[in-house]
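What follows draws every value from the coordinates through simple rules; no lab data is involved. Keep in mind that what you see is a predicted model, and the values were worked out from it rather than measured.
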Amino acid sequence: EEVRDWFGENLARQRRPQGVFGVAKGRNLIVIQVESLQSFVIGLKVGGREVTPNLNAFAKEASLASNVYNQTGSGNSSDAEFLANAALYPAASGVAYTRFAGNHYEAFPKTLQDNGYRVFAMHGDRPGFWNRGHMYPALGFEKFISKKDYVNDESIGMGLSDKSFFRQSLEMLTQERQPFYSFMVTLTSHYPYNFPRLMEQADFDAGEYKGTVVGSYLAAIHYLDREFGVFIKGLKSSGLYDRSVIALYGDHNAIPRWDSPTLSKLLGTDFTKDYNWRYVQRVPLMINVPGVKRLVWNRKMALGLVNLPRSLALLLGIDFNSGLGTDIFDDSEAPVIFRNGSYVAGEIFVEPAKKSAVNVKSGEPKDYAAYAGMTEKVRKILDVSDKILEYDLMPELYRK
Ligand code: GP9
C-alpha cells in the first residue's frame, strides 16, 4: 500500500512537456552505453590533441548534459543498464541483475515493445556476465545479441573489440525491421585499459601520462571515440541516422582514487578534497535527435541515468510511467540520488551519513539542517525502490 500510494502521487505529478513530447515519434532509438566514459575527457586536449574528437563533434550536434552523476552501486555496468532501462536503483546489497533477475518488470524495453518497437540488446561479452542472459528478457528485450552471435574476429580484454562490435552491429541494424530500440553496450575501454592489442591500436600519445592508469585510459577512450566515429558515419550513409534518436552515456567512473594524483596533474584539480573527487565522477549524457533543434532541458538540476527512460520515451511520444525517474525536461529540483543515501541537489552534495552539505563545485559548506525534508524524500525513494525489488511489486502496481 505504501509503495502504491507513493506511485500514485508520483504519477499525478508527471506531465508531457510541450515541444518535447513526440518530437521523434516513430523513430528508431539507439542507446549506447560506453564503458568507463567520464565527463572530463569530453573536450579535453592532451599534447595539443583532442582525446575524443568524434564525441566532441557529436556533442555539438546533440544536446549534452554535463551535470550527470554516476549512480551505480556494486553492480557497476549492470547497475547503469538497470537505471537506464528500468529506472530503478541498484540493489541495497549485492547486485540487482543477479539477485532480482526472476522479478517481473515494467521496464522501458517492454514499453517500447508494447508500442510496436523491435527491442534488442547488443554486447560483445558472454551472456552470463552480469547475468544479462536472464536479466535482459526480464526487462523486456526480445533478443540479446552477445559474443556468441558476433563473428569473434578480434578480441580485446573481456570480449569482442569495439571496432568489430560497432562494424557488425551496424550491419545488423541496417537489416532490422523499424522502428527498433537497440541498446548497445561497449566493452573495450574497460579497466585497466592497457590491453596490449588496444594499446597498439589506440594511436594516442599520452605523453608524460604514458604507463599510468590515466594515460592508458586516455588512449582507450581515444580508441573508443574513433570506432564510435566510424559507427556514426555508417549510420549516416545507411540513412538510419536521420530516422533515429541516438543517445550515448558513460556508465560509471574510470579512475581509482589511488591514481587521483595523476588525474590532479592532468586536470589541475586538487582531488585530496572530497567535493572535487565527487564532482569529477560525472558521466556525459548526449541525446541527438537529428534534424530537430537541440533539446532544452533543466540545466540546473543534477541528473542521473534513472531519468533517461522517461525522457527518451517523451521524445518518442510514448508515456513511460514506471520506475522512479523524473524526466530531464522537468522544472523541479529533484535531486540525483546515490545508492548510499547521499544525493546532489542542484550543486549541493548532501551526505546524511556525515550530516554534511557542501557545494560540489566550490567546496563551500552549507547548512545540513536545511536539507532535512529532501533527505527524507530521498530515503523514501530508495525505500520504494528496495521494496519493489524485494517483494517483486511491479505486477501489483501495474495490474490492469
Ligand atoms: C562486462 C562489461 C563490464 O560485460 O559490461 O562490466 P563492469 O566490470 O564495468 O561492471
Long-range amide H partners of residue 285 with built H, under 5 Å:
65
By the gyration tensor of its Cα atoms, with a ≥ b ≥ c the square roots of the eigenvalues, what is the shape of region 73-214: rounded for a/c under 1.5, prolate for a/b over b/c, or oblate?
oblate
D for region 330-380, whole µm²/s, Stokes-Einstein with Kirkwood Rh over alpha-carbon pairs at 25 °C and 0.890 mPa s: what number?
225
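Can you tell me the alpha carbon radius of gyration of region 313-400 divided by the globular rule-of-thumb value 2.2 N^0.38 Å?
Taking the Cα Rg and dividing by 2.2 N^0.38 Å, one obtains 1.29.
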Round to a whole angstrom and tell me the spacing of the C-alpha centers of region 262-318 and region 107-157.
25
Near the amide H of residue 181, under 5 Å away, which other amide H atoms are found, from residues 5 or more places off or on another chain, if H is placed in the peptide plane?
29, 118, 119, 120
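Can you pull the percent of Cα pairs in region 138-196 with separation above 16 Å?
Result for the distance tail: 48 percent.
Which whole-number percent is the relative contact order of the chain (Cα, under 8 Å, 6+ apart)?
That works out to 27 percent.
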Volume of the Cα convex hull of region 1-145, divided per residue and given in Å³
166
Which whole-number value in Å³ per residue fits the convex hull of the alpha carbons of region 1-67?
179
Spelling it out for residue 356: with amide H atoms placed in the peptide plane at 1.01 Å from N, the residues 5 or more places away or on another chain with amide H under 5 Å from its amide H are 351
On full extension of the chain, what length is gained from residue 177 through residue 390, given 0.36 nm per residue of separation minus the C-alpha to C-alpha distance?
73.0 nm
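Taking the chain, how much of its Cα-Cα pair set, in percent, is spaced more than 30 angstrom apart?
Working: 30040 of 79800 pairs.
The answer is 38 percent, as a whole percent.
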How large is ³J(HN,Hα) for each residue in region 56-70, as worked out from phi by the Karplus curve 6.51 cos²θ - 1.76 cosθ + 1.60 (θ = phi - 60°), to whole Hz, x for Gly and Pro?
4, 5, 5, 4, 6, 6, 8, 9, 10, 9, 10, 10, 9, 9, 5
Sequence order, region 360-376: Karplus ³J(HN,Hα) from phi using 6.51 cos²θ - 1.76 cosθ + 1.60, θ = phi - 60°, Hz rounded, Gly and Pro as x, gives 6, 8, 9, x, 5, x, 10, 6, 4, 4, 5, 9, 4, x, 5, 4, 5
Where does region 83-165 land on Rg(C-alpha)/(2.2 N^0.38 Å)?
1.17
Karplus 3J(HN,Hα) series, Hz, for region 149-158 with 6.51 cos²θ - 1.76 cosθ + 1.60 (x for Gly, Pro):
9, 7, 6, 7, 8, 7, 10, 9, x, 7
If you look for lysine pairs in region 324-400 that are eight or more places apart or on different chains, how many of them have Cα atoms under 24 Å apart?
11
At 4 °C and 1.567 mPa s, grab the translational diffusion coefficient of region 213-358 from Stokes-Einstein with a Kirkwood Rh over Cα pairs, rounded to a whole number in µm² per second.
73
